[in-house]
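Undergrad: One structure, as structure tokens, below. Some questions next.
Just so it is clear, none of the values below were taken in a lab; they were calculated from the coordinates. Values in this document were obtained by computation on a predicted structure and should not be read as measured data. Neighbour counts run over all protein chains shown; Cβ positions are idealised from the backbone, glycine included.
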Amino acid sequence: MIWLTWRQFRTQIFAALTVLAAAAAYVLITGTQLRHSYTADLASCGAQNDCFGVLNGLQDQYNGPLQLAEMLVLAAPGLIGIFWGAPLVAGELERGTHLLAWNQSVTRTRWLAVKLSCLALASVVTVGVLSLLLTWWASPLDAASGNRFGTMAFNARDVAPLGYAAFAFALGVALGLLFQRTLPAMAVTLAIFIAVQVLVTAGVRPHLLPATAASVPVNQTTMSQAIRFDRSDANTGPVTVDLPAPSGSWLQSESEVLNSSGRPVQTGEILSCWTKYFGQPGASGKGGSPGMGPLGACLASDNLHVDLTYQAADRYWQLQWIETALYGALALLLAVATFRRTRRLRG
Amino acid sequence: MTAILEARMLGMTYGRRRALTECSVTIPPGRMVGLVGPNGAGKSTLLKLACGVLTPTSGSISVLGRTPGTGPEQLARVGFLAQDAPVYANLSVGDHLRLGARLNPGWGQGFVERRIAALELDPRQKAGKLSGGQRAQLALAVAAGKRPELLILDEPVASLDPLARRAFLEHLTQSATENGTRVILSSHLISDLERFCDYLIVLVASRVRLAGNVDQIIAAHHRIVCTRRDPGALPAGLEVVSAEHAEHQSTFVVRSDGPLPPGDWVTQPLSMEDLVLAYMGTAESGIRSATQGDGGAR
């Protein structure tokens with residue numbers, strides 16, 4: 001059975017190997033350059049005291065390839081589901097070759113088990129290698145940006161794509177068996193895979209682990225790192241500020257500026273400090289040097305704070321593994337359904 | 001010796017459509033079996049039930065004494081060549097033989113190599129590029145190569161030209177002889193079955209209308225021509241299969257388990273084809289119990 005599986009899918013396997021080889025060659029060449037510039041930049045920027053700007057420049061330079069590579073790693077499981085999963089059984093049913101396969105001295109359960117496990121393994125390994133390559137290649141950029149929880153950064157790094165690959169493949173096989181035709185199975189596989197990805201990324205992942213709550217005071221230290229400070233035009237509107245969450249964490253919610261009793265502060269209450277440092281009313285504060293540190297110093301005596309919820313940086317691996325396991329479990333359920341349906345299928 | 005196939009009230013429905021109804025038949029061992037019937041009569045369904053691709057919705061079936069498709073051993077004992085002889089288009093002839101060799105413990109490599117050489121098939125040729133006749137031959141070589149005790153073929157020659165059909169049936173005969181394989185062959189071409197089979201099953205409108213040894217079937221059926229009369233006016237013991245009435249005379253195809261009693265009629269020769277057509281033509285006129293031929297031989 002393993003021989004037959006290999007013989008039937010070797011073209012696809014060779015195609016995957018070609019893609020992987022090309023990706024590996026590109027990643028090794030540009031990745032080495034990237035690393036070289038990164039270490040050189042880090043060494044020089046310390047002396048110039050402008051690491052922020054230098055690393056920003058590096059990120060800009062590699063932004064195009066990075067996004068392209070992330071797209072590839074995100075798309076790979078979907079493509080595998082469409083081109084490896086959906087035709088696996090549906091293609092045989094369409095051409096009637098399942099009647100040839102099922103009448104050799106091998107039960108159809110074993111036939112399916114070998115095909116399913118061999119190609120699931122190939123799918124996971126293919127996407128795993130792509131993810132590994134990207135994770136290695138982008139690690140200097142990820143270190144510079146400090147944002148590992150962004151959708152693209154999280155979904156296209158480390159182990160999560162392995163779960164996506166297993167799920168997409170199993171989904172394709174199951175739908176192929178359900179429709180007994182390749183083309184509709186391909187279309188629906190893609191639609192469901194994208195829907196599940198969006199749902200999990202936006203709706204499930206934020207709730208996988210309880211968020212950490214923190215209250216950050218508004219003072220000179222915190223305000224000097226703030227990115228934005230907004231007030232309303234009228235005296236009675238809320239005041240918002242983007243205070244930095246703990247380094248490398250995933251900020252999930254941020255309240256308006258609150259006073260010591262937890263009530264949202266009105267624009268009128270901070271107007272005196274505002275006009276002192278920004279002059280005209282209605283303007284927004286902008287981050288960077290000299291920043292909003294002085295405004296923070298002025299507001300410190302009012303005992304203001306902002307409530308945050310976030311996932312700490314060390315939750316990254318926990319979330320990666322939970323999501324991989326979640327997708328892996330979905331893939332397993334689909335595989336069980338596929339076995340049950342194959343056994344009962346009326347050829 | 002166990003029966004080749006034993007069905008008891010076997011039924012198969014697809015949704016609300018009945019493909020096979022209350023089919024009871026026992027095929028004694030050692031027979032070459034022909035299955036004949038109009039398109040849509042349930043021939044494919046019966047054969048797929050026999051090889052285990054389908055499981056019945058009612059009744060029971062056993063093939064060579066065991067439930068079809070229940071495990072690798074039973075799969076090894078029964079070969080199946082599906083309608084239109086499916087092969088993997090992108091695999092070569094040689095790949096198909098390797099497939100057979102790897103998936104069947106009883107594979108007869110020497111036998112298959114001789115067959116392929118005799119058929120002048122190029123092992124490197126892609127199966128998708130073969131002609132219809134060659135494809136059927138390849139599928140037969142794979143099905144026969146696993147050297148099953150029983151080989152089931154579902155209309156293998158339906159789409160072949162007369163020359164390819166003859167070559168295929170010769171290949172089948174040789175394979176069956178060489179490996180001692182029994183065969184169930186379905187076709188709507190009675191002439192093909194007549195040459196090949198010594199046991200016949202006629203399936204009409206999802207029911208078995210006739211089953212038995214060919215010589216006994218022939219011996220038990222007669223065509224008689226007499227003055228016009230009602231079927232009921234014929235002597236008892238004659239079962240009317242079909243009746244045609246002209247202005248002054250009636251023609252009956254009748255079955256009689258003993259010798260034909262004397263009467264005021266002329267007996268005409270009845271070919272197998274006429275006989276089968278007589279049964280097919282009476283699909284709507286009620287159900288007769290299937291003739292069991294030599295019946296309970298087991």
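Undergrad: Using Cβ-Cβ distances only, list the Cys residues of chain A with no partner cysteine under 4.7 Å, sorted by number.
TA: By the Cβ distance rule, which asks for a partner under 4.7 Å, the isolated cysteines are A:118.
Undergrad: Just how far, in whole angstrom, is region A:1-31 from region A:96-137 if you go by their alpha carbon centroids?
TA: If you average the Cα positions of each part, the centres end up 14 Å apart.
Undergrad: Just A:95, A:35, A:148 to compare: in a GNM of chain A, with alpha carbon springs under 10 Å, which one fluctuates most?
TA: Greatest mean-square fluctuation among the candidates belongs to A:95.
Undergrad: Okay, moving on. Please tell me the relative contact order of chain A in percent, rounded to the nearest whole number, where contacts are Cα pairs under 8 Å and at least six residues apart. Before the final figure, lay out each step's value.
TA: Working: 500 pairs, mean separation 72.9, N = 347.
Relative contact order here is 21 percent.
Undergrad: A further question follows. Only Lys, Arg, Asp and Glu count, each charged at its Cβ (+1, +1, -1, -1), so figure out the dipole size of region B:58-197 about its Cα centre, rounded to 20 debye.
TA: Working: 16 positive and 14 negative charges, 74 e Å.
Using only the charged Cβ atoms, the result is roughly 360 debye.
Undergrad: Also, I was wondering about something else. In debye, nearest 20: dipole of the protein assembly as shown around its Cα centre with unit charges on the Cβ of K, R (+) and D, E (-)?
TA: The calculated dipole for the protein assembly as shown is roughly 1240 debye.
Undergrad: Follow-up question, since we're still on this one. Quick check: pseudo-label points 7 Å beyond the Cα along Cα→Cβ at residue A:340 and residue B:226, how many nm apart are they?
TA: 6.3
Undergrad: Let me ask another. Select from A:311, A:320, A:252 the residue whose mean-square fluctuation is largest in a Gaussian network model of chain A (Cα-Cα springs shorter than 10 Å).
TA: A:252
Undergrad: Relative contact order for chain B: what percent, with Cα pairs under 8 Å and sequence separation of 6 or more?
TA: Values: 584 pairs, mean separation 60.5, N = 298.
Averaging sequence separation for qualifying contacts and normalising by length gives 20 percent for chain B.
Undergrad: Each residue of region B:185-197 in turn: what ³J(HN,Hα) in whole Hz from Karplus with 6.51, -1.76, 1.60 and θ = phi - 60°, glycine and Pro shown as x?
TA: In residue order, the calculated couplings are 10, 9, 6, 9, 9, 5, 4, 4, 5, 4, 5, 9, 10 Hz.
Undergrad: Show me, for region B:244-249, the HN-Hα J-couplings you get by feeding each phi into the Karplus relation (A = 6.51, B = -1.76, C = 1.60, θ = phi - 60°), rounded to Hz, glycine and proline as x.
TA: 10, 10, 9, 4, 10, 9
Undergrad: A further question on this structure: Where is the GNM fluctuation largest for chain A (alpha-carbon springs, 10 angstrom cutoff): A:79, A:119, A:243?
TA: A:243
Undergrad: Take the alpha-carbon centre of region A:242-259, take the same for region A:309-331, and report the distance between them in whole Å.
TA: 21
Undergrad: Using θ = phi - 60° and the Karplus relation 6.51 cos²θ - 1.76 cosθ + 1.60, list the HN-Hα couplings for region B:122-139 in order, rounded to whole Hz, with x at every Gly or Pro.
TA: The phi angles translate into 7, x, 7, 5, 5, 4, x, 9, 6, 6, x, x, 5, 5, 4, 5, 4, 4 Hz.
Undergrad: Related question: How many angstrom lie between the Cα centre of region B:1-47 and the Cα centre of region B:217-266?
TA: What the calculation gives is 29 Å, centre to centre.
Undergrad: Still on this structure: Fewest first, what order do B:135, B:228 take by the number of other Cβ atoms within 10 Å? It would help to have the intermediate numbers written out before the result.
TA: Numbers: B:135 22, B:228 12.
Arranged by neighbour count, lowest to highest, B:135, B:228 become B:228, B:135.
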